[in-house]
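Q: Shown below is the structure under consideration.
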Amino acid sequence: MVSDEKAARGIDQAVFGQLPDGRQVDVYRFTNANGIEMRVINYGGIILSLKTPDAQGEFDDIVMGFDSLDDYLSDEYRQANPYFGALIGRYGNRIAGGRFSLDGETHSLATNDGDNHLHGGRQGFDRVLWQAEPFENDEGAGLVLRYTSEDGEEGYPGRLETEVTYTLTDADELVVDYRATTDKATPVNLTQHSYFNLEGEGRGSILDHHLTINADAFTPVDDTLIPTGEIRPVEGTPFDFTQPTPIGERIEQDNEQLMFGKGYDHNFVLAEQAASSSEPVLAARVWEPDSGRLLEIATTEPGIQFYSGNFLAGDLTGKRGQAYEHRSGFALETQHYPDSPNQADFPSTILEAGETYRSRTIYRFSAQESAGS
Ligand code: GLA
């Protein structure tokens, strides 16, 4: 791309592959007016790639993923279960013992993380084929994804109609809008599971990235990563990211919570949001010193899961043919708190029949030579 020429905004579509049952998976490519390019598939709503400029104007792909459908369907990938770039539902993160009660009835969910239910179960929204509809408007271009989860799917009550819209704007943002309705009360906690490396995916560790999280507290977990129910202040702990701090600075400290998570794998309680707000508020900011890339995340959600890629083990090979090593990508998943259906004091995740679930997260991409604030 010629850097001093405005790129044409555009969308194109191609066949990506076929699922084992013969259904076709498509890939959509969106380019904004400044040359930022994102590719998405309708299987899992997976973001395959996202190319943004560094402080010198050089573009690179900053999310982990693969170039072929087979890589997402392989046994190896499904066992490692990293959820690269996927939409997560019905419930982001864990539900203890795969069980909750609602209106006097106990529901048993699929368990896929020891005894716990994780990220929607065995066949979560990351592994279903969504109906896709590309669009272009004044703000940018994007994709509407729709999926109906039947009553009883993975053990959840109610038929849930879900719609997720990705918009890549000319203001260099990716806006993700979530919407859902149900015919029976059910827990809903949708999120996006992209792994970022702002130096470029497959270009090594993320421990040098400077992270700020707008959170004065987090939800400590037990050794199976289920919240204990406590809301603990971050002050004086390795979980204090209220000032920009390299991710690696305290990750090896002798700390029970870091030990349980094998690093960071925790929900942060966003300071300015006691419960969902209707306008997105800045939740996190990540700056990478070598490239100067800056990622800012704003959300209407009350929490954000910071996961430092602790389960990556170098056994998956990414788009550049490089092994995805331990802590070579991080995820920041905007969400309600894990296990809320079993925690009366956490903001509720129950969607009632007749109500509409709404959530919005904005990822803003820029670059600057120095850390700034
Ligand atoms: C979430 C979880 C982690 C891990 C990853 C996927 O972030 O909190 O424990 O399961 O997804 O590997």
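The values are calculated or read from the model by the stated rules, or taken from the named source; none is laboratory data. Given the structure is predicted, the values throughout are model-derived calculations rather than measurements. Note that we place each Cβ from the backbone using ideal geometry, even for glycine, and neighbour counts take in every protein chain shown. Keep in mind that these areas ignore ligands, DNA and RNA; they rest on the heavy atoms of the full protein, side chains included. Shrake-Rupley method; radii C 1.70, N 1.55, O 1.52, S 1.80 Å.
Q: For the chain, give the magnitude of the charge dipole about the Cα centre (Cβ charges: +1 Lys/Arg, -1 Asp/Glu; no others), in debye to the nearest 20.
A: So the magnitude is around 420 debye.
Q: In a shell of Cβ-Cβ distance under 15 Å around Leu351, excluding Leu351 itself, what net charge do Lys and Arg (+1) and Asp and Glu (-1) give?
A: -4
Q: Carbon and sulfur atoms: what percent of the 1.4 Å accessible area of the chain do they account for?
A: Ligands and nucleic acids excluded, carbon and sulfur reach 43 percent.
Q: Would you mind getting the accessible area per residue of segment 252-368, heavy atoms of the protein chains only, 1.4 Å probe, in Å²?
A: 38 Å²
Q: What translational D, rounded to a whole number of µm²/s, comes out for the chain from Stokes-Einstein when the hydrodynamic radius is the Kirkwood one over Cα pairs, at 25 °C and 0.890 mPa s?
A: 119 µm²/s
Q: Just how much of Ser340 is accessible, in Å², when a 1.4 Å probe is used and the result is rounded to the nearest 10?
A: 10 Å²
Q: Can you pull the semi-axes for segment 92-243, root of five times each eigenvalue of the Cα gyration tensor, sorted largest first, whole Å?
A: For segment 92-243, the ellipsoid semi-axes come out as 28, 27, 15 Å.
Q: What number, in nm² with one decimal, is the all-direction average of the projected area of the convex hull of the alpha-carbon atoms of segment 15-172?
A: For segment 15-172, the mean projected area of the Cα convex hull comes to 11.1 nm².
Q: Apply the a/c threshold of 1.5 to the C-alpha gyration tensor of segment 281-373 and tell me whether it is rounded, prolate or oblate.
A: Here segment 281-373 falls in the oblate category.
Q: Restricting attention to segment 249-304, which GluC sites (Glu not before Pro) occupy a DSSP loop and are surrounded by at most 14 other Cβ atoms within 10 Å?
A: Glu249, Glu252, Glu272
Q: Using only alpha-carbon positions, what ratio does the radius of gyration of segment 89-141 give when scaled by 2.2 N^0.38 Å?
A: Expressed relative to 2.2 N^0.38 Å, the Cα Rg reads 1.62.
Q: At 1.4 Å probe radius, can you tell me the per residue accessible area of segment 86-149 in Å²?
A: Dividing the accessible area of segment 86-149 by its residue count gives 40 Å².
Q: Putting +1 on Lys and Arg Cβ atoms and -1 on Asp and Glu Cβ atoms, find which of Ala298, His266, Pro347 reaches farthest to the positive end of the dipole of segment 251-373.
A: Ala298
Q: Please work out how much length the chain gains when fully extended from Ala344 to Asp12, using 0.36 nm per residue of separation minus the C-alpha to C-alpha distance, in nm with one decimal.
A: Stretched out fully, the Ala344 to Asp12 stretch lengthens by 114.9 nm.
Q: Rolling a 1.4 angstrom probe over the protein heavy atoms, how many square angstrom per residue are accessible across segment 179-226?
A: For segment 179-226, the per-residue accessible area is 27 Å².
Q: Right, another one. Expressed as a rounded percentage, what relative contact order does segment 80-231 have, with Cα pairs under 8 Å and six or more residues apart?
A: 21 percent
Q: Return the calculated 222 nm mean residue ellipticity for the chain, to the nearest 500 deg cm²/dmol, obtained by summing -39500 (n - 2.57) across DSSP H runs with n ≥ 4 and dividing by the residue count.
A: That calculation yields -1000 deg cm²/dmol at 222 nm.
Q: Can you tell me the length gained on complete extension of the stretch Ser108 to Ala33, counting 0.36 nm per residue apart and subtracting the Cα distance?
A: The span from Ser108 to Ala33 would gain 22.2 nm if fully extended.
Q: Follow-up question, since we're still on this one. Under 10 Å, Cα contacts only: if you run a Gaussian network model on the chain, which one of Ala171, Ala323, Ala344 comes out with the highest mean-square fluctuation?
A: Of Ala171, Ala323, Ala344, the Gaussian network model singles out Ala344 as fluctuating most.
Q: Mean-square fluctuation check for the chain, GNM, Cα pairs under 10 Å: which of Ser49, Ser359, Ser74 is largest?
A: Of the options given, Ser74 has the highest mean-square fluctuation.
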